[in-house]
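**Student:** Below you will find the structure I want to go over with you.
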Amino acid sequence: MSKLGNLGARLHHGEVGYDFVKNRKIWYGISILITITAIVGLAVRGLHMGIEFQGGAVFTTPKNMSASVSQTETWAEEASGHDAIVQKLGDGSLRIQIAGTDTQQSDRIKEELSKDLDVPAEKINADLVGPSWGDQIANKAWQGLGIFMVLVVIYLAIAFEWRMALAAFVALIHDITITVGIYALVGFEVTPGTVIGLLTILGYSLYDTVVVFDSLKEQTRDITRQTRWTYAEVANRSINSTLVRSINTTVVALLPVGGLLFIGGGVLGAGMLNDISLSLFVGLAAGAYSSIFIATPLVADLKEAEPQMKALRKRILAKRAQATAKGEPAESAVGEQRYADDGADESGDAAPAVVGPRNQPASRGRGRGRPSGKRR
């Protein structure tokens with residue numbers, strides 16, 4: 001078995017683990033700092049909306065143009081009096097976008113560009129985009145986002161519980177804010193492709209969160225019937241048991257998206273790939289982070305505020321303090337764990353049927369706890 005596979009198995013069985021929930025204040029602080037930075041960037045720099053949202057003209061030149069992108073941008077800005085975006089396409093043609101122009105201005109700009117580029121005006125294709133179309137696209141995007149959020153909250157509240165629905169909602173807002181803030185800071189153009197990428201990463205982020213929540217729901221069934229682990233400790237175990245899966249899924253998803261962003265958009269100069277690839281890349285990374293460091297620790301905080309969980313935690317801490325006073329090892333959900341095969345713990349409480357791996361005999365407790373009485 002590979003080292004990563006062996007680590008995944010040990011994490012799943014609770015032999016090793018990192019206490020994500022215990023250090024949740026650190027993760028909350030990091031997320032708050034990143035979110036504030038994103039909001040400040042959005043407020044100061046704003047989003048660079050594409051021509052589809054602002055309206056304007058798009059000029060496409062013939063193939064194999066010798067003019068550089070920077071020089072063409074200068075000519076286009078001088079001709080129009082507005083900022084221009086110039087992209088060199090794969091066939092050598094130039095795509096010139098100028099926002100805020102109408103039909104009359106478009107004809108004049110086309111004539112001046114033909115002189116500067118030394119190309120006949122009839123060979124330059126001009127397309128006009130009205131601002132009303134962009135408003136419709138933006139409204140539809142907001143409507144789609146709102147409907148998606150409502151359906152997500154309703155589904156999670158039914159399938160799991162309202163606390164998990166709330167935590168997932170917070171994680172999604174977290175991912176959206178960071179992605180939009182990065183767009184503002186980097187200055188990439190926001191196009192319909194950006195909106196598509198944003199909606200795509202929300203689904204991915206939700207999937208990653210639900211995987212952890214499903215494990216948590218299974219392992220906390222009848223948790224109040226035992227006195228070994230608090231809800232926060234079991235939540236931490238759920239994160240660790242799905243950690244390698246989350247990492248593998250995220251890395252596999254980021255590799256092709258990173259290829260689009262850094263190789264396609266950066267090296268090959270296919271700038272039109274940047275709008276969707278940046279939203280996917282940032283969103284995938286933020287979604288994996290939020291499912292591990294935000295959503296599940298937040299659920300643990302909400303659940304531990306319940307009277308039942310407070311009473312359970314009090315009983316567990318009292319039992320551990322008593323065991324420590326007697327010189328006995330205290331049990332914990334972090335690190336090595338043991339499970340009795342007779343369905344009861346030392347205090348006589350019925351052990352939960354689902355907390356921890358199913359049907360794991362106590363003789364596999366790696367030397368800790370009372371023997372099962374069975375011979376090997």
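The values are calculated or read from the model by the stated rules, or taken from the named source; none is laboratory data. Just so it is clear, the model here is predicted, and its values are computed rather than measured. As a convention, Cβ positions derive from the backbone with ideal geometry for all residues, glycine included, and neighbour counts pool all protein chains shown. What goes into the accessible areas is simple: the full protein's heavy atoms, side chains included, and nothing from ligands, DNA or RNA. Shrake-Rupley method; radii C 1.70, N 1.55, O 1.52, S 1.80 Å.
**Student:** Restricting the search to segment 106-121, which residues are surrounded by fewer than 15 Cβ atoms within 10 Å (Cβ to Cβ) and in a helix (DSSP H, G or I)? I'd like the intermediate steps shown before the answer.
**Tutor:** As a first pass, look at segment 106-121 and keep what is surrounded by fewer than 15 Cβ atoms within 10 Å (Cβ to Cβ): 107-108, 111, 115, 118, 120-121.
Within segment 106-121, D107, R108, E111, K115, A121 meet the criteria.
**Student:** Just to be sure before I move on: is N139 farther than 30 Å from M65 by Cβ and of a type in the set (S, T, N, Q) in the structure I sent?
**Tutor:** Details: farther than 30 Å from M65 by Cβ: yes; of a type in the set (S, T, N, Q): yes.
Taking the combined requirement at face value, the residue satisfies it.
**Student:** Since S279 meets every condition but one in (1) open to solvent by less than 40 Å² (accessible area, probe 1.4 Å); (2) in contact with a Phe, Trp or Tyr (Cβ under 9 Å, 6 or more places away or on another chain); (3) free of Cβ contacts under 8 Å to residues at least 60 places away in the same chain, which condition does it not meet?
**Tutor:** (3)
**Student:** Consider G187 against the criteria (1) of a type outside the set (D, E); (2) open to solvent by less than 50 Å² (accessible area, probe 1.4 Å); (3) touching a helix residue (DSSP H, G or I) at 6+ places or on another chain (Cβ under 9 Å): it satisfies all of them except one. Which criterion is unmet?
**Tutor:** (3)
**Student:** When you check T177 against the structure, is it touching a helix residue (DSSP H, G or I) at 6+ places or on another chain (Cβ under 6 Å), open to solvent by 30 Å² or more (accessible area, probe 1.4 Å), assigned to a helix (DSSP H, G or I) and polar (S, T, N, Q), yes or no?
**Tutor:** So T177 passes the test.
**Student:** Quick one: H13 ticks every box in (1) at pLDDT 80 or above; (2) under 30 Å from I292 (Cα atoms); (3) open to solvent by 50 Å² or more (accessible area, probe 1.4 Å); (4) not aliphatic (A, V, I, L, M) bar one, so which box is it?
**Tutor:** (1)
**Student:** Pick from L199, L260, L216: which is among the aliphatic types (A, V, I, L, M), farther than 30 Å from D91 by Cα and open to solvent by 30 Å² or more (accessible area, probe 1.4 Å)?
**Tutor:** L199
**Student:** Can you name every residue in segment 76-104 that is in a helix (DSSP H, G or I) and open to solvent by less than 60 Å² (accessible area, probe 1.4 Å)?
**Tutor:** Hits for segment 76-104 are A76, A79, S80.
**Student:** Which of the residues spanning segment 132-156 are under 20 Å from the mean Cα position of the chain (by Cα), of a type outside the set (S, T, Y) and surrounded by 12 or more Cβ atoms within 10 Å (Cβ to Cβ)?
**Tutor:** Scanning segment 132-156 gives A141, G144, L145, F148, M149, V152, V153, L156.
**Student:** Something else: Take the residues in segment 47-75 that are open to solvent by less than 20 Å² (accessible area, probe 1.4 Å) and in contact (Cβ under 8 Å) with a residue 60 or more places away in the chain, then tell me which one is nearest to V186 (Cα to Cα).
**Tutor:** Going through the qualifying residues, I end up with G50.
**Student:** Further, regarding this structure: Within segment 216-227, does at least one residue satisfy the condition of being β-branched (V, I, T), farther than 27 Å from V40 by Cβ, touching a residue at least 12 places away in the same chain (Cβ under 8 Å) and not in a helix (DSSP H, G or I)?
**Tutor:** yes
**Student:** In addition: Could we say that I223 is surrounded by 14 or more Cβ atoms within 10 Å (Cβ to Cβ) and β-branched (V, I, T) here?
**Tutor:** yes
**Student:** Just to be sure I understand the filter: pairs with C-beta atoms under 9 Å, separated by 6 or more residues or on different chains, first member in segment 84-95 and closer than 13 Å to T74 by Cα, second member open to solvent by less than 10 Å² (accessible area, probe 1.4 Å) and part of a loop (DSSP other than H, G, I, E, B). Which pairs pass?
**Tutor:** Pairs that qualify, where the first residue is closer than 13 Å to T74 by Cα and the partner is open to solvent by less than 10 Å² (accessible area, probe 1.4 Å) and part of a loop (DSSP other than H, G, I, E, B), are I85/G50.
**Student:** Can you work out which of the residues in segment 100-111 that are touching a Ser or Thr at 6+ places or on another chain (Cβ under 9 Å) and modelled with pLDDT under 80 is nearest to K63 (Cα to Cα)?
**Tutor:** My answer is T101.
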